[in-house]
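For reference, the structure is listed below as structure tokens.
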Amino acid sequence: MRDRFSHIIKRSDEPWVLPHLGQRIVKTTVAVFLCLMFYYLRGYRGQDMPTEAAITAIICMQPYVRDTGEYALNRFVGTLIGAFWGLLLLLLLNDFPPLGANMLVLYLMMAAGVLLSLYSAVILRMPDTSGLASIVFLCIVIAFPDIEEPLRQAAHRLLDVFVGTTIATVVNVIRLPRSKRRDLCFFVRTRDLVPDRFSHISPTALFQLNYLYNDGAKICLMSEHAPAFFMLQMSGIRLSVPQIVMDGAAIYDANENRYLQVETIAPEDSAPVRARLEALGISYFTYTIHNDKTCIFHSGALREEEKLVYERMRSSPYRSYLEGEIYEAEEIVYFKVIATEKEIGEIEYSLRGVMPKGRLRRVVRPQAGREDLAALYIYAHTATMEQAGKRLMEMLRQDDETLKAVPVRLRGGYRSERDAIHLLHLVANAYEPVLLFGKRQDGEIVG
């Protein structure tokens, strides 16, 4: 339960910052005000003031105009269905008063009307409108027998929904004046966009990301894994900025299929590590970059618990798994060992004597889909996300000296697709802020 609500629990070491006032909130407020003013000008006051139009405007206001149109259509069709069956029942009760005299019979008829409203939406292949149709039906008939004009009651309900949907759509179509921040480069972690390294980015998040790229936004995606995993996760993406891969050990340009920068382990540091791993008699992987290709050399015999992970990884066409001696010792980027957490701890202890402080860096991460396994990664101490970000900014500033780096991250980590979309919305708001109400974002973005 705590994990579910971890994103709203403030950590003691984090300053409290009010969330950004989003454009959707502002537009929804404006739409509600216009709905209320519409009925005020028509002479409605106090208890007589209809609320259906304002409620409709709140429901129909969506982040994208296309979503608002879809919600408006669903709301209007649902209202038509509910109004139709509500009007039919009221006319029936007016023509046959004995039906409404017995409350048991009356409520059974109302329940049957709810059934017809729900089923009508399903027949029309618009199941999303079914709940609304039944609600509108009940709003029309629930006041019986204190209804003198059934046709007028249904007509008012239709008018209220029409006013709400129209105002919401018009307000959402209007775009506030914005400015594009061409001087910002956003650094986004792929682990904040996808659940794990074997998963694809969702179509909605991919659409939003490609929209930003096509509009000229500079976004560097940072991955803890090799480019092969990036190509798997982000297939269909149209990058305009090189990405940081291998946990900061390399900068890779997917458009040109080449590495722009690589932090390798010095031969005098890699040789003792390899010798110790061989002496321990365990299987391990050596990741190298040879002629702009990721080449992975496997040493030792695979255990049963490793085979599933190994077979899944080597099936990718973006990397080559090889047996035998590595090409060049100078090309080693990192070592990887797959084992249980307990075994990883024992291996780390055994490697202490051959890993001089300030020369190599160790990282332990769980394996996706295998809770019983973890992986130990050994990098050069200079192979970090922060250092790679600085190197990439130096490259990009050769074309634009004013460029600023803006790190982006999820406070509670990825939990669902909604988190990825939320993070990209934050990037979009910072890249294209509203001139009058927007907040100028130059520092880290935490969602």
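The values are calculated or read from the model by the stated rules, or taken from the named source; none is laboratory data. Computed from a predicted structure; not experimentally measured. Methodologically, a virtual Cβ is constructed for each residue, glycine included, from the backbone with ideal geometry; neighbour enumeration extends over all protein chains shown. The accessibility values were calculated without ligands, DNA or RNA, using every heavy atom of the protein model including side chains. Shrake-Rupley method; radii C 1.70, N 1.55, O 1.52, S 1.80 Å.
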Once you wrap a convex hull around the alpha carbon atoms of the stretch 112-241, what is its projected area averaged over all directions, in nm²? 13.1
For the stretch 231-310, just say rounded, prolate or oblate: build the C-alpha gyration tensor, square-root its eigenvalues into a ≥ b ≥ c, call rounded for a/c under 1.5, and beyond that prolate if a/b exceeds b/c, oblate if not. oblate
Solvent-accessible surface ranking, highest first, for Glu149, Glu401 at 1.4 angstrom: Glu401, Glu149
Which of the peptides 123-134, 353-364 is most tightly packed, and how do the rest follow, going by the mean number of other Cβ atoms within 10 Å of each residue? 123-134, 353-364
What does the accessible area per residue of the stretch 257-305 come to in Å², with a 1.4 Å probe and no ligands, DNA or RNA counted? 45
Ile289: accessible area at probe 1.4 Å, nearest 10 Å²? 20
For His200, the accessible surface traced by a 1.4 Å probe with all protein chains present amounts, in square angstrom to the nearest 10, to 110
Using a probe of 1.4 angstrom, how much of the accessible area of the stretch 354-397 is carbon and sulfur, in percent? 52
Leaving out ligands, DNA and RNA but keeping every protein chain, what accessible area does Glu341 have, in Å² rounded to the nearest 10, with a 1.4 Å probe? 130
Under 1.5 on a/c is rounded, so check that first for the stretch 199-274, then, if it is not, pick prolate when a/b is larger than b/c and oblate when it is not; a ≥ b ≥ c are the square roots of the alpha carbon gyration tensor eigenvalues. prolate
Cα-centre dipole for the stretch 364-403 with unit charges at Cβ (Lys and Arg positive, Asp and Glu negative), debye to 20: 180
Given Lys27/Lys180; Lys218/Lys390; Lys293/Lys404; Lys27/Lys404; Lys180/Lys404; Lys293/Lys357, the pairs whose alpha carbons are separated by over 22 Å: Lys293/Lys404; Lys27/Lys404; Lys293/Lys357
Accessible surface of the stretch 86-238, 1.4 Å probe, proportion on carbon and sulfur as whole %: 67
Which of the three applies to the stretch 329-447, rounded, prolate or oblate, going by the alpha-carbon gyration tensor with a ≥ b ≥ c and a/c under 1.5 meaning rounded? oblate
How much length would be gained if the chain were fully extended between Glu346 and Arg125, taking 0.36 nm per residue of separation minus their Cα-Cα distance, in nm to one decimal? 73.6 nm
